[in-house]
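The values are calculated or read from the model by the stated rules, or taken from the named source; none is laboratory data. All values derive from a computational prediction rather than experimental measurement. Please note: Cβ atoms are built from the backbone with ideal geometry, for glycine as well, and neighbour counts cover all protein chains shown.
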Amino acid sequence: MTRLNYDAARDAFAEWGVDADAAIKQLADIPISMHCWQGDDVVGFEQSEGGSAGGIQITGNYPGRARTAAELRADLEFAYGKIPGKHRLNLHASYLDTDETPARDELDYHHFASWVDWAKDNGLGLDFNPTFFGHPKVDENLTLSHPDKDIRNFWIRHGQCCRAIAAKFGEELGSPCVNNIWVPDGYKDTPIDRLAARERLESAIDEMIAQPYDAAHMLDAVEAKLFGIGVEACTVGSHEFYMGYAIRKGTLLCLDMGHFHPTENVADKLSSVSQSVKEILLHVSRPMRWDSDHVILLNDDILAMAQELVFGNLLPRTHIGLDFFDATIARTSSWVIGTRNMQKALLRALLMPQAELKSIEEKLDFTQRFLMTEELKDLPYGVIWDEFCARNNVPTGKALIADLNSYQASVAPRG
């Protein structure tokens, strides 16, 4: 895209009172936490315990899955090289990098130290997640709410280990590590005593997060879910459960776009929960039915989410993470396109005449609001995006597609 085209596009936005250069500058400062588990189909690198199960399902067997931490990091480096800006990596506890075979309640920082060294070398922040699935002690889809105290204690210890690891991540990297707690707990058929299960879950989380850590190093988040396979009748950690918990206990609340009814507008929840919690964690995905976690498209749901973040001034209080895994297409391409679509949505929101639109709405001039929002759709957003990519030395269009295809061909022999 030529400079002349950008200048013309910048002038087009200026006619609406929008500073395109300022929008580009602001977008460059918004980190996206890209999830490691897209790269290997949520298998992880544990040597003593099997692959994922208990609430996680992957569809497809596209060639090129990362089989080791080294392969995963190589894939990630390629992907980050095609994504403008500086970002973060969201790491699960099952992605330890060690020849040792620790149990999950014995995990230690040194099992992940190579990830920190790599993050430093690549200028990335790290976020973390305890892995409450894919383990023999996920008994009937129950962990922290299990009636057996020994099983609960095992998972409490796992969570405690992960919080200590996350705090060390944050200390080493000089950036708070968001430690997100999600458990698959629930019942396939209608339970008799939902309250008892939720009381056990709350007590277990209380014990797990009792140790205080510096918020400059680690932030706790809790994540709800509507239902999953095997827990269709009742999810113990429901949205209401965790929203109340986050408000009362001061944790972050994680809103995963796939964890609600398909017809719910998750973007609409942002302004509501922001009035009751200090900070929000987002897991951005594309639910086609329930929690199907398809790769992000630049669709209405994502555009609405970005607009809520920008117009509600929620970006300083929101940690944007991704959560999709699709093994029917190239995994690196999924990362790159999904992350860039989140950025494109944010850029579109930043390129809207926010003050004027708010003023019109306050005057209840819905005709003018309608006219403006429709006409704004015709502005040359793509030219501004191309300029942003050019300033960050990353390709667009056919050049990007060629790079993605070339890399996929190089990793396809992995099988």
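Is one or more of the residues making up region 364-374 basic (Lys, Arg), closer than 29 Å to SER33 by Cβ, surrounded by 15 or more Cβ atoms within 10 Å (Cβ to Cβ) and at pLDDT 95 or above?
Taking every residue of region 364-374 in turn, none turns out to be basic (Lys, Arg), closer than 29 Å to SER33 by Cβ, surrounded by 15 or more Cβ atoms within 10 Å (Cβ to Cβ) and at pLDDT 95 or above.
Against the definition (under 25 Å from ASN405 (Cβ atoms) and either in contact (Cβ under 8 Å) with a residue 60 or more places away in the chain or not in a helix (DSSP H, G or I) (or both)), how does SER276 come out, yes or no?
Spelling it out, it is not the case that SER276 is under 25 Å from ASN405 (Cβ atoms) and either in contact (Cβ under 8 Å) with a residue 60 or more places away in the chain or not in a helix (DSSP H, G or I) (or both).
Test LEU76 against the stated conditions and say whether it is touching a strand residue (DSSP E or B) at 6+ places or on another chain (Cβ under 8 Å), modelled with pLDDT of 95 or more and buried (at least 19 other Cβ atoms within 10 Å of the Cβ).
For LEU76, the condition - touching a strand residue (DSSP E or B) at 6+ places or on another chain (Cβ under 8 Å), modelled with pLDDT of 95 or more and buried (at least 19 other Cβ atoms within 10 Å of the Cβ) - is met.
Here are some residues: ASP105, ASP127, ASP150. Which one is buried (at least 22 other Cβ atoms within 10 Å of the Cβ) and of a type in the set (D, E, K, R)?
Step by step, each of ASP105, ASP127, ASP150 is checked, and only ASP127 is buried (at least 22 other Cβ atoms within 10 Å of the Cβ) and of a type in the set (D, E, K, R).
Output the residues belonging to region 62-118 that are small (Gly, Ala, Ser) and either part of a loop (DSSP other than H, G, I, E, B) or over 24 Å from PHE388 (Cβ atoms) (or both).
GLY64, ALA66, ALA69, ALA70, ALA74, GLY81, GLY85, ALA93, SER94, ALA103, ALA113, SER114 - these are the residues of region 62-118 that are small (Gly, Ala, Ser) and either part of a loop (DSSP other than H, G, I, E, B) or over 24 Å from PHE388 (Cβ atoms) (or both).
Kindly indicate whether any position in region 258-277 is loosely packed, with under 14 Cβ neighbours inside 10 Å, in contact with a strand residue (DSSP E or B) (Cβ under 9 Å, 6 or more places away or on another chain) and not aromatic (Phe, Trp, Tyr).
Looking through region 258-277, at least one residue is loosely packed, with under 14 Cβ neighbours inside 10 Å, in contact with a strand residue (DSSP E or B) (Cβ under 9 Å, 6 or more places away or on another chain) and not aromatic (Phe, Trp, Tyr).
Mind checking which helices (runs of 4 or more DSSP H) fall wholly inside region 361-415 and carry at least 2 residues that are in contact with a helix residue (DSSP H, G or I) (Cβ under 9 Å, 6 or more places away or on another chain), over 19 Å from LEU351 (Cβ atoms) and in contact (Cβ under 8 Å) with a residue 40 or more places away in the chain?
It comes to 397-411.
In this structure, is SER145 of a type in the set (S, T, N, Q), at pLDDT 95 or above, assigned to a loop (DSSP other than H, G, I, E, B) and touching a Lys or Arg at 6+ places or on another chain (Cβ under 6 Å)?
Judged against the criteria, SER145 is a match.
With respect to ALA246, determine if the residue is outside any strand (DSSP E or B), within 19 Å of the chain's Cα centre (by Cα), in contact (Cβ under 8 Å) with a residue 12 or more places away in the chain and under 26 Å from ASP326 (Cβ atoms).
no
Output the number of residues of region 333-348 satisfying the condition of being hydroxyl-bearing (Ser, Thr, Tyr) and crowded, with 24+ Cβ neighbours inside 10 Å.
Matching residues across region 333-348 total 2.
Among the residues of region 225-241, write down those that are within 15 Å of THR143 (Cβ to Cβ) and not in a strand (DSSP E or B).
LYS225, GLY228, GLY230, VAL231, VAL236, GLY237, PHE241
All but one of (1) among the small types (Gly, Ala, Ser); (2) touching a Ser or Thr at 6+ places or on another chain (Cβ under 6 Å); (3) crowded, with 21+ Cβ neighbours inside 10 Å hold for ALA167; state the number of the condition that does not hold.
Failed condition: (2).
With the requirement that a residue be under 24 Å from SER272 (Cα atoms) and either surrounded by 15 or more Cβ atoms within 10 Å (Cβ to Cβ) or touching a helix residue (DSSP H, G or I) at 6+ places or on another chain (Cβ under 9 Å) (or both), what does region 223-241 give you?
GLU223, ALA224, LYS225, LEU226, PHE227, THR235, VAL236, GLY237, SER238, HIS239, PHE241
Mind checking whether some residue in region 254-263 is under 23 Å from ASP301 (Cα atoms), among the polar types (S, T, N, Q) and in contact with a Gly (Cβ under 6 Å, 6 or more places away or on another chain)?
no
Being closer than 21 Å to ASP206 by Cβ and among the hydrophobic types (A, V, I, L, M, F, W, C) is the filter; apply it to region 109-137 and report the residue that is farthest from the chain's Cα centre (by Cα).
Selected residue: PHE132.
Listed residues ALA399, ALA409; which is at pLDDT 95 or above and either buried (at least 16 other Cβ atoms within 10 Å of the Cβ) or within 14 Å of ARG340 (Cβ to Cβ) (or both)?
ALA399
Taking region 185-222 on its own, how many of its residues are part of a loop (DSSP other than H, G, I, E, B), loosely packed, with under 13 Cβ neighbours inside 10 Å, of a type outside the set (A, V, I, L, M, F, W, C) and out of contact with any strand residue (DSSP E or B) (no Cβ under 8 Å at 6 or more places or on another chain)?
5
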